[in-house]
Amino acid sequence: IRVAILISGRGSNMQALAETVATEGLPVDICAVLSNRADAAGLDWARARGLPAEVLAHRDFDSREAFDAALRTRLDALAPDYILLAGFMRVLGADFVRHFDGRIVNIHPSLLPAFPGLHTHEQALAQGVQWHGCTVHFVTPVLDHGPIIAQAAIPVCADDTPESLAARLLPVEHRVYAQTLRWLAQGRVRLGTDGRVSVEGAS
Ligand code: GRF
């Protein structure tokens, strides 16, 4: 399968995906690592690895619609089977999402549907939940609400801070996203007409 990975910053999830492809020899062609920010640290890592790193700076466009249109044109040319959002911090418009319906996947640092949006670790601590986690899901026009592909949970400790929670969750995110990519590469992920995801061969 062909995948484009969209980042905005550090890109550690992108790195975990790329490492998984390389070390396991997955049949995955990473056709682009695309950032909306030229200063994203993940771009340097991708370039050093010989991955095709590209910048499409949202600041170069007058409106969200114009940026979405340019991103859509670029991705149409790349023709990925899946667009994997990995710390991509731009909200994609409904037209963009519908155009790539069922092909955009995101990782979100909470157990959705709890805590959509930003500052998920602060939200979790403020609510006093005992379990936190991450969710890999298909992207729909409603932010952080799409069909769930995979989740993993971590316990919240009494002395946790947003930073400690984020640090403990990050390697879990990497594992869950890597697992999702394996399933996608194996063609095992089905998005049903009922908006639910099933993974063939998974219990
Ligand atoms: C991750 O926690 C991801 O879930 C969230 O932003 C962070 C990105 O980290 N959306 P990285 O750029 O993948 O290192």
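It is to be established whether one or more residues within region 98-105 are farther than 24 Å from LEU181 by Cβ, of a type outside the set (Asp, Glu) and more than 15 Å from the ligand (Cβ to nearest atom). Give the steps one after another, and end with the answer.
Let us first name the residues in region 98-105 that are farther than 24 Å from LEU181 by Cβ, namely none.
Looking through region 98-105, none of the residues is farther than 24 Å from LEU181 by Cβ, of a type outside the set (Asp, Glu) and more than 15 Å from the ligand (Cβ to nearest atom).
Output the strands (runs of 3 or more DSSP E) that fall wholly within region 1-77 and possess 1 or more residues being within 12 Å of the ligand (Cβ to nearest atom) and surrounded by 21 or more Cβ atoms within 10 Å (Cβ to Cβ), or say none. Break it down stepwise before answering.
Working: elements: 2-7, 29-35, 53-55.
The qualifying strands (runs of 3 or more DSSP E) are 2-7, 29-35.
What number of residues within region 20-34 are without any contact (Cβ under 8 Å) to a residue 40 or more places away in the chain and under 16 Å from the mean Cα position of the chain (by Cα)?
So the answer is 2.
Restricting to region 79-97, what's the tally of residues that are within 12 Å of the ligand (Cβ to nearest atom) and more than 15 Å from the chain's Cα centre (by Cα)?
Qualifying residue count, region 79-97: 0.
Select from region 130-161 the residues that are among the small types (Gly, Ala, Ser) and closer than 28 Å to ARG103 by Cα and list them in ascending order.
Matches in region 130-161: GLY133, GLY146, ALA150, ALA152, ALA153.
The numbers here are math on the coordinates, done by the rules we state, and not lab data. The shown structure was predicted, so the numbers you read here are calculated from the model rather than taken from an experiment. Cβ sites come from the backbone with ideal geometry, for glycine too, and all protein chains shown count toward neighbours.
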